[in-house]
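Comments concern the structure below.
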Amino acid sequence: MYAIVEYGGKQYIMRPGRLVRLEKIDQAPGTVVEFTNVHLVRTEDHTAVAVGQPLNYVVKATVRRHERAKKVIVFKKRRKEQYKKKQGHRQWMTVVYVEAIQPRATG
């Protein structure tokens with residue numbers, strides 16, 4: 001079973017029992033986070049697919065740790081003008097452990 005979840009303007013595939021690296025979530029490690037912006041859910045037997053905008057499902061995950069991504073180099077240069085500029089950037093990431101994908105409780 002897996003779900004496609006939108007978070008931070010990007011879409012991630014989330015499977016129960018797996019670690020996923022997302023953009024930074026302002027939660028302490030050990031906190032349970034719920035993702036409700038689910039766009040697709042596929043069942044374990046791969047026979048049923050639910051697609052929506054967003055679906056009535058919720059993905060529960062536990063925050064494991066915060067870390068930095070690999071450095072991205074930004075290099076700007078203008079020929080014949082003696083202009084060069086080099087910058088680096090490391091984005092903060094949060095590693096979450098996906099606990100469950102389940103229908104959202106109504107009521």
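The values are calculated or read from the model by the stated rules, or taken from the named source; none is laboratory data. Everything numeric here is computed off the predicted structure, so don't read it as measured data. A quick note on method: Cβ atoms are made from the backbone with ideal geometry, for glycine too, and the neighbour counts reach across all protein chains shown. With ligands, DNA and RNA removed, areas are computed over all heavy atoms of the protein, side chains included. Shrake-Rupley method; radii C 1.70, N 1.55, O 1.52, S 1.80 Å.
Considering the conditions (1) open to solvent by 40 Å² or more (accessible area, probe 1.4 Å); (2) modelled with pLDDT of 95 or more; (3) among the aliphatic types (A, V, I, L, M); (4) under 14 Å from Y2 (Cα atoms), V74 is excluded by exactly one of them, (4). On the stretch given as region 55-107, residues that are in contact with a Ser or Thr (Cβ under 8 Å, 6 or more places away or on another chain), polar (S, T, N, Q) and without any contact (Cβ under 8 Å) to a residue 40 or more places away in the chain total 1. Taking into account only those residues within region 43-61 that are more than 19 Å from K10 (Cα to Cα) and not in a loop (DSSP other than H, G, I, E, B), which is modelled with the lowest pLDDT? Ranking the candidates gives A50 first.
For W92, the conditions (1) out of contact with any Asp or Glu (no Cβ under 8 Å at 6 or more places or on another chain); (2) open to solvent by 90 Å² or more (accessible area, probe 1.4 Å) all hold with the exception of (1). E34 meets the stated requirement of being open to solvent by 80 Å² or more (accessible area, probe 1.4 Å) and part of a strand (DSSP E or B). Quick check, is Y83 under 21 Å from Q11 (Cα atoms) and open to solvent by 40 Å² or more (accessible area, probe 1.4 Å)? Here the answer is no, as Y83 does not meet what is asked.
Report, by residue number, each residue of region 17-31 that is part of a strand (DSSP E or B), open to solvent by less than 60 Å² (accessible area, probe 1.4 Å) and closer than 16 Å to R68 by Cβ. If you could, list the steps in order and put the result at the bottom.
Just the residues of region 17-31 that are part of a strand (DSSP E or B), to begin with: 19-23.
Still in the list and also open to solvent by less than 60 Å² (accessible area, probe 1.4 Å): 20, 22-23.
L22, E23 - these are the residues of region 17-31 that are part of a strand (DSSP E or B), open to solvent by less than 60 Å² (accessible area, probe 1.4 Å) and closer than 16 Å to R68 by Cβ.
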